[in-house]
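The values are calculated or read from the model by the stated rules, or taken from the named source; none is laboratory data. Note that the structure is a prediction, hence the values are computed from the model and not measured. FYI the Cβ positions are ideal-geometry reconstructions off the backbone, even for glycines, and counts take in every protein chain you see. Surface areas here come from the heavy atoms of the whole protein model, side chains and all, with no ligands, DNA or RNA. Shrake-Rupley method; radii C 1.70, N 1.55, O 1.52, S 1.80 Å.
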Amino acid sequence: MRTISDTVVLKKSEAWLTASGEPLLIAGPCSAESESQVVETAKALSQSGIHYFRLGIWKPRTRPNSFEGMGEIALPWAIKAREETGLRIITEVANARHVELVLKAGLDAVWIGARTTVNPFTIQEIADALKGTNLPVLVKNPVNPDLNLWVGALERLHHAGLTQLAACHRGFSAYMNARFRNLPHWEIPLELKRAFPELPVITDVSHITGAAELIPLVAQKSLDIGFDGLMVEVHPRPAEAMSDPEQQITPQGFLNLLSGLHKPSTQIEDSETLAAIALMREEIDRADRELIQILHTRLKVAGKIGRLKQQSGITFFQQERYDEVLKKVSAYADLMKISPELVRSLFELIHVESIEKQGE
Ligand code: PEP
Ligand code: MN
């Protein structure tokens, strides 16, 4: 059977390596809004150790009538930011025209957004427009959890002679409100890494979380898994940002983020072990969520019984029922090879809470 790594061998490239082997850092505003905002942000980040300054010039927005980026007038602002700080500049391209303008302006790298990676025609058009340049390209995952589509985009670029490639994990769309704006599905970038061990994977923590306060958690997780870098949206005044205000952090917030992150222990060198641990942790997180949901259901039923007892004038606490519950769960714990003491203490707590709920 053909595996996804059969077609293309992706090698590490200088563009996405750091001299020290530390994670590669990309930071900057979601969107370029004005020359002063771009230059101010770049200056504020210039001493933070970032490797690329990001800024969105053309913004793919889900709904029309929202801010769609300043467009090509922002290109000279990016150049000015580079002149003043020495930082390399990366922006998003979503069609061949964008590529043409970026090449003309002389920016240092481009990323392809999640809404573009889903479309092989557009990817092909971008690959053709980049042909002969070997510009560094960062390919975001498609919005839908389809690893082959992500790999296909990398392959199209590679076939066009582009070898300075990296992947960017920005999470996958979810219907209905979830904790994260885009579900991380860590198993997908991990599978990509397994197929192409040399391909750098950078985590876009801003678009995964959609919320500034969740960024440290996801950034640390990305380092723990052993991915190669972080992309973070930084704005001097996040509340005033013309796009994605909730997920942008200040330059000082970015420095705080960096100082709060810790490099995972290097005791486990083997990336397969790291990947296996990461998958198991995903499983544990899922089991924990299920536990909480079950607890929620149990307490809801307790509340209903409470109302019935109240209508019928029965006392909430009944010793025989409590003894019966403890006996049943202890026996079941024994059968499942779980310590009966653990289950007993757990159910004592749950019972107290149930009585509270019945009284409410
Ligand atoms: C962005 O990085 O500004 C962006 C629009 O990202 P994505 O394609 O991940 O939504
Ligand atoms: Mn954004």
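Structural remarks
- Among the candidates Ile314, Ile277, Ile294, Ile284, the residue that is assigned to a helix (DSSP H, G or I), over 20 Å from Val218 (Cα atoms) and not basic (Lys, Arg) is uniquely Ile294.
- Asp224 in a helix (DSSP H, G or I) and either within 16 Å of ligand 2 (Cβ to nearest atom) or in contact (Cβ under 8 Å) with a residue 12 or more places away in the chain (or both): yes
- Restricting attention to the range 159-179, the residues being of a type in the set (Phe, Trp, Tyr) and modelled with pLDDT of 95 or more number 1.
- Residue list for the range 68-78, restricted to those being in contact (Cβ under 8 Å) with a residue 24 or more places away in the chain and either open to solvent by less than 40 Å² (accessible area, probe 1.4 Å) or not assigned by TED's automatic domain parsing to the domain that holds Gln37 (or both): Gly69, Ala74, Leu75, Trp77, Ala78
- Number of the exception - Lys337 against (1) out of contact with any helix residue (DSSP H, G or I) (no Cβ under 8 Å at 6 or more places or on another chain); (2) part of a helix (DSSP H, G or I); (3) modelled with pLDDT of 85 or more: (2)
- Residues satisfying the stated conditions in the range 172-210, i.e. aliphatic (A, V, I, L, M) and under 11 Å from the mean Cα position of the chain (by Cα): Leu183, Ile202, Val205, Ile208
- The number of residues in the range 131-150 that are among the charged types (D, E, K, R) and surrounded by 15 or more Cβ atoms within 10 Å (Cβ to Cβ) comes to 2.
- Residue in the range 212-220 that is more than 20 Å from Trp58 (Cα to Cα), within 12 Å of ligand 1 (Cβ to nearest atom) and either of a type outside the set (A, V, I, L, M, F, W, C) or buried (at least 16 other Cβ atoms within 10 Å of the Cβ) (or both) present: no
- Glu187, sole failed condition from (1) more than 22 Å from Pro23 (Cβ to Cβ); (2) touching a residue at least 60 places away in the same chain (Cβ under 8 Å): (1)
- Single condition Arg156 does not satisfy, out of (1) closer than 18 Å to Gly28 by Cα; (2) crowded, with 18+ Cβ neighbours inside 10 Å; (3) away from ligand 1 (no atom under 14 Å from the Cβ); (4) basic (Lys, Arg): (1)
- The residue that is most open to solvent (accessible area, probe 1.4 Å), counting only those in the range 301-320 that are in contact (Cβ under 8 Å) with a residue 12 or more places away in the chain and under 19 Å from Leu346 (Cβ atoms), is Phe317.
- Among the candidates Glu246, Glu198, Glu191, the residue that is open to solvent by 10 Å² or more (accessible area, probe 1.4 Å), more than 14 Å from ligand 1 (Cβ to nearest atom) and part of a helix (DSSP H, G or I) is uniquely Glu191.
- Filtering Glu33, Glu22 for residues that are within 16 Å of ligand 1 (Cβ to nearest atom) and either open to solvent by 10 Å² or more (accessible area, probe 1.4 Å) or assigned to a loop (DSSP other than H, G, I, E, B) (or both) leaves a single hit, Glu33.
- Within the set Ala241, Ala275, the sole residue that is within 30 Å of Ala32 (Cα to Cα), among the aliphatic types (A, V, I, L, M) and surrounded by 14 or more Cβ atoms within 10 Å (Cβ to Cβ) turns out to be Ala241.
- One residue from Lys337, Lys327, Lys263 being of a type outside the set (A, V, I, L, M, F, W, C) and at positive phi: Lys337
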